[in-house]
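Reviewing the structure listed below.
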Amino acid sequence: MIFTGEFMNEKNLINYYNKFNEDKRLTRRHGIIEYRTAMKYIHEYLNTMDNPKIIDIGAGTGAYSIVLADEGYDVTAVELVKHNLMTLKKKSNKVKAHLGNAMDLHIFKDDTFDMVLLFGPMYHLISEDDKIKALSEAKRIVKNNGLILISYY
């Protein structure tokens, strides 16, 4: 589905994901390739860090967050869509999960995380200003030597 700027306001995005099965997206077709590729790079960088703190912004139902938490990492997730967040919470109690928006992460202090995963928000945010807000928030909460991994097409 292609989204226009008019369609992708926050309310419409939430409505869309309340009808879409996000929980299955990364287990089918192209999603499998996306997931495996992302995990390859996530693990490659995590292997260079000592006790990293990870935040998954736009975590969906926890495809990345839950696996990483199960591997023993300290993982926090932020998700805009309450239904997705509730699914994540039902599947795992190891992830610190919060309802929130990528453009406003005020609940987190500066320089908190070693790795920021910013996979979903960048292709849902339409305006350049909104993308810059999300990137600025990610940059603010990542530690000086930390990494921000972005999925965007």
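Worth a mention:
Yes/no per residue for (1) polar (S, T, N, Q); (2) open to solvent by 40 Å² or more (accessible area, probe 1.4 Å); (3) more than 26 Å from T37 (Cβ to Cβ):
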site: H83; (1), (2), (3): no, yes, yes
site: T87; (1), (2), (3): yes, no, no
site: A97; (1), (2), (3): no, no, no
site: M115; (1), (2), (3): no, no, no
site: L147; (1), (2), (3): no, yes, no
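- Residue that is at pLDDT below 65 and farther than 20 Å from V142 by Cα, where the choices are N84, N15: N15
- Within segment 132-153, being in a helix (DSSP H, G or I) and in contact with a strand residue (DSSP E or B) (Cβ under 8 Å, 6 or more places away or on another chain) holds for K133, A134, L135, E137, A138, K139, I141.
- Filter result (aromatic (F, W, Y) and either touching a Lys or Arg at 6+ places or on another chain (Cβ under 9 Å) or in a helix (DSSP H, G or I) (or both)) within segment 112-121: F113
- Scanning segment 36-61 for residues that are part of a helix (DSSP H, G or I), aliphatic (A, V, I, L, M) and within 23 Å of R140 (Cβ to Cβ) yields a count of 3.
- Qualifying residue in segment 122-131 (condition: in a helix (DSSP H, G or I), crowded, with 19+ Cβ neighbours inside 10 Å and modelled with pLDDT of 95 or more): no
- Those residues of segment 55-75 which are among the β-branched types (V, I, T) and either in contact with a His (Cβ under 7 Å, 6 or more places away or on another chain) or open to solvent by 30 Å² or more (accessible area, probe 1.4 Å) (or both), in sequence order: V67
The values are calculated or read from the model by the stated rules, or taken from the named source; none is laboratory data. Bear in mind that the values here come from a model prediction, so they are computed numbers and not experimental data. When we count neighbours, we look across all protein chains shown, and the Cβ atoms used for this are built from the backbone with ideal geometry, even at glycine. Quick note on the areas: whole protein, heavy atoms, side chains included, nothing else; ligands and nucleic acids left out. Shrake-Rupley method; radii C 1.70, N 1.55, O 1.52, S 1.80 Å.
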